[in-house]
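Student: The following block contains the structure, expressed as structure tokens.
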Amino acid sequence: MKTLIKLRTIISFYILFIVITNLGGQSFAIEDVTRLPMDSTIAWMENNYTIDSNDFHNIALLALQKAHKTEDDHTIGDIHTNLSNWHGYLYKFGSDSIIYHGEKALEHYKLAGNQKKIADTYKNISIDYMNNNSYDNAEEVLFEAIAIFEELEDEQGLAGCYKNLSSMFRVLEEPEKSIKYANLAIPIFVQELDYYNHSITLFNLIISHRLLKNYDDAYEAADACIKMVDEHVPSEVFIKSRAYSYRSEISKDKGDYDEMLSDAMEAWKIVEAKIGIEGAASYRTEIGDAYRLKGDYKAALDHLLAGVIAIEKRGMDQIWDQYFHLADTYKNLGNYEKAYEYQEKSIAAKDKMINDKITNLESEAVIKYETGKKDQALLVQESQLKQKTIIQWLSIGAAAILAAFLFVLYFNYRKNKVITAELAIKNQENELLLKEIHHRVKNNLQTISSLLNMQSKSIDDSAAFDAIKESKNRVASMALIHQTLYQGENLASIEMRNYFTIMGEAIIDGFGEKAENVTLEVEMNEIELDVDEAIPIGLITNELITNSIKYAFPEKQKGVISISMKTLPDKSYQLVIADNGVSDGNIEEVKGTGFGSILINLLTAQLGGKLDVLKENGTSAIIQFPPQIKSAV
């Protein structure tokens, strides 16, 4: 996945450069579709599919409607091809839209009997299938394309298919096959003097040889790529920079961090010279990683922070590795609060990727393209007719204007009524989806808890057994929150009295005979907390109850653990967790690993609160914290 993102970045930079240097294309309006020949419309679309405008979309849909009337399958296929390119460049509606139009183009090229365009479309749509993780489909269409290109004796087309197969097997981590197809493509690119595709194919050799630990072959491919760009396509600076970047990763695998740093620096300088300091900032993450591995954590921090900020500005969320590198750097610099923050960001970035895949299944774009595009074409036509009708009525006079005005009011009333109903339905769907997400998260956390339970059965060391048990209780406290959310009416808040009761009794039961004489009292009114407050409060409560059971009631001593929570006059909250056991154990100096006390202090700081400990007739922990900003559902 990482290498696909890098390749996409190279291609995006390249296309952006071409677009900038060729600005000033022909203007085109929707009215032109009806009066100009279809060839002119298609030529305009081929030159302007990089435009981020609804005009392109509306023009294409109107042209598609016109082409369907003539039943010209070749033209219909060309329009779908350009729509697929537009969706692929802007990526507004996801990969489903790209694939939909690619498959429609293929369908009409087959009806037209155009073998060359059928093969080209097979080759191009294979990349879209790969980006959608449909590798079986990608492989199938590539071999279909190869059969046609062989029949047409089209060497360039064959080389493109071999290159795509090489890329696919590289992503699937089948390096031997990737190398095989790269070596089939490269001789054709050499014969055709296609230095651009040749250099891109060398990426597959670099990465695949690296996966096989053939570091000499990987270096050789990287050197060949750099040399080819210098001698034949010097304008392709992004290909050259990636070659240096891939070479730095080879050095990283070999443990040669000086060489890794040198190549990462070179990659950054090349891009910086082309697009400036801000545009090249994301490349600094590789430099920061090299400094981190060399043990120069101060230098690493500067580069990692600059790179991560640049990546975040671009809206890229698959950066858990970079967050982890920052967490490790802060840890080695002694800034544990920042280390914890970026460790959490790394975990959250991974979780977001998983949740995005779930929510994308129910996204509006998927539903839209399952129903087809004909309704959109009719809406465009209806909009145009409505505008003409309004203009005609304005010329009639005062009475006609009044009638038109009343009609518009009535129409808007009906339209708003429909929109309101649709929004209500979508809100219900979103609530169901959010409940499903909480349910799945709860199930995943329970699976983790079960695994910890299984692991604890094979542990003889008491300290390790206690650590596993405490981890299991922490996971269970978070799972209970998600269970409460999907079972309740409010998807954003937790009723804490019931939550404390269920969690506390579960913890006491989990200690078995050791806690058989310990009872739980929860004395408080019903208080609802936002989920962002409930999770840290749950973890803190779990740690304090566990601490009381372990140290306050030795030798099965009878005792009571009480939990209370209230709202203070200044709107802040006060949580009190107390026991009437022995008070020689100190909450701030927990026995064992000390992780529990670290976690309590970090979570209290996260809430912006403070922790006080009293030792009278047992031990009381008093936590006061302000209300947090509410989460949006």
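Student: Of the numbered conditions (1) under 18 Å from ASN132 (Cβ atoms); (2) hydroxyl-bearing (Ser, Thr, Tyr); (3) modelled with pLDDT of 90 or more, TYR330 fails exactly one; give the number of that condition.
Tutor: It fails just one condition, (1).
Student: If you don't mind, there's one more thing I want to ask. Among the listed residues ILE59, ILE51, ILE10, identify the single one that is within 26 Å of the chain's Cα centre (by Cα) and at pLDDT 50 or above. Outline the logic, then answer.
Tutor: On the way: ILE59 fails: within 26 Å of the chain's Cα centre (by Cα); ILE10 fails: at pLDDT 50 or above.
Testing whether each residue is within 26 Å of the chain's Cα centre (by Cα) and at pLDDT 50 or above leaves just ILE51.
Student: Something else now. I'm trying to understand the selection: among the residues of the range 303-334, which are part of a loop (DSSP other than H, G, I, E, B) and crowded, with 16+ Cβ neighbours inside 10 Å? Talk me through it step by step, then tell me what you get.
Tutor: Just the residues of the range 303-334 that are part of a loop (DSSP other than H, G, I, E, B), to begin with: 314-319, 333-334.
ILE319, the sole residue that qualifies.
Student: Got a sec? Which helices (runs of 4 or more DSSP H) wholly within the range 206-299 have at least 1 residues that are within 22 Å of GLN322 (Cα to Cα)? Break it down into steps so the answer makes sense when it comes.
Tutor: Values: elements: 215-231, 237-254, 257-279, 284-294.
Answer list for the range 206-299: 237-254, 257-279, 284-294.
Student: Kindly list the number of the only condition in (1) in contact with an Asp or Glu (Cβ under 8 Å, 6 or more places away or on another chain); (2) at pLDDT 85 or above; (3) farther than 23 Å from ALA605 by Cβ that fails for ASN490.
Tutor: Unmet condition: (2).
Student: Out of the range 607-622, which residues are touching a helix residue (DSSP H, G or I) at 6+ places or on another chain (Cβ under 6 Å) and crowded, with 20+ Cβ neighbours inside 10 Å?
Tutor: Taking the range 607-622 first, the residues touching a helix residue (DSSP H, G or I) at 6+ places or on another chain (Cβ under 6 Å) are 607, 611, 613, 621.
Of everything in the range 607-622, those that are touching a helix residue (DSSP H, G or I) at 6+ places or on another chain (Cβ under 6 Å) and crowded, with 20+ Cβ neighbours inside 10 Å turn out to be LEU607, LEU611, ALA621.
Student: Would it be correct to say that THR81 is polar (S, T, N, Q), modelled with pLDDT of 85 or more and either surrounded by fewer than 20 Cβ atoms within 10 Å (Cβ to Cβ) or not in a loop (DSSP other than H, G, I, E, B) (or both)? Give the steps one after another, and end with the answer.
Tutor: Working: polar (S, T, N, Q): yes; modelled with pLDDT of 85 or more: yes; either surrounded by fewer than 20 Cβ atoms within 10 Å (Cβ to Cβ) or not in a loop (DSSP other than H, G, I, E, B) (or both): yes.
For THR81, the condition - polar (S, T, N, Q), modelled with pLDDT of 85 or more and either surrounded by fewer than 20 Cβ atoms within 10 Å (Cβ to Cβ) or not in a loop (DSSP other than H, G, I, E, B) (or both) - is met.
Student: Does any residue of the range 228-236 turn out to be surrounded by fewer than 24 Cβ atoms within 10 Å (Cβ to Cβ) and polar (S, T, N, Q)?
Tutor: Yes, the range 228-236 has at least one match.
Student: Could I ask something else about it? Between residues in the range 591-613 that are among the basic types (Lys, Arg) and residues that are at pLDDT 90 or above and surrounded by 14 or more Cβ atoms within 10 Å (Cβ to Cβ), which pairs lie under 8 Å by C-beta distance while being six or more apart or on different chains?
Tutor: From the range 591-613, the pairs are LYS610/THR604; LYS610/ILE623; LYS610/GLN624; LYS610/PHE625.
Student: I'd like to verify a number: residues in the range 386-404 that are surrounded by 11 or more Cβ atoms within 10 Å (Cβ to Cβ), at pLDDT 70 or above and not small (Gly, Ala, Ser), how many?
Tutor: Going through the range 386-404 one residue at a time, the tally reaches 2.
Student: From the set of residues in the range 503-554 that are aliphatic (A, V, I, L, M) and not in a helix (DSSP H, G or I), which is farthest from LEU611 (Cα to Cα)? Break it down into steps so the answer makes sense when it comes.
Tutor: Restricting attention to the range 503-554, the residues satisfying the condition of being aliphatic (A, V, I, L, M) are 503, 506-508, 515, 518, 520, 522, 524, 527, 529, 531, 534-535, 537, 539-540, 544-545, 549, 552.
If we keep only those that are not in a helix (DSSP H, G or I) as well, we get 518, 520, 522, 524, 527, 529, 552.
Numbers: VAL518: 24, LEU520: 22, VAL522: 20, MET524: 20, ILE527: 20, LEU529: 19, ALA552: 19 Å.
Only one residue tops the list, namely VAL518.
Student: If you don't mind, there's one more thing I want to ask. Any residue in the range 148-162 that is within 16 Å of LYS117 (Cβ to Cβ) sitting within a Cβ distance under 7 Å of a residue that is part of a loop (DSSP other than H, G, I, E, B)? List the pairs, counting only those 6 or more apart or interchain.
Tutor: GLN156/GLU192
Student: Going by the structure shown, is LEU205 of a type outside the set (D, E, K, R), touching a helix residue (DSSP H, G or I) at 6+ places or on another chain (Cβ under 8 Å) and free of Cβ contacts under 8 Å to residues at least 40 places away in the same chain?
Tutor: yes
The values are calculated or read from the model by the stated rules, or taken from the named source; none is laboratory data. Only a predicted model underlies this, so the values are computations on that prediction, with no experimental measurement involved. Note: ideal-geometry Cβ built from the backbone for every residue, glycine included; neighbour counts use all protein chains shown.
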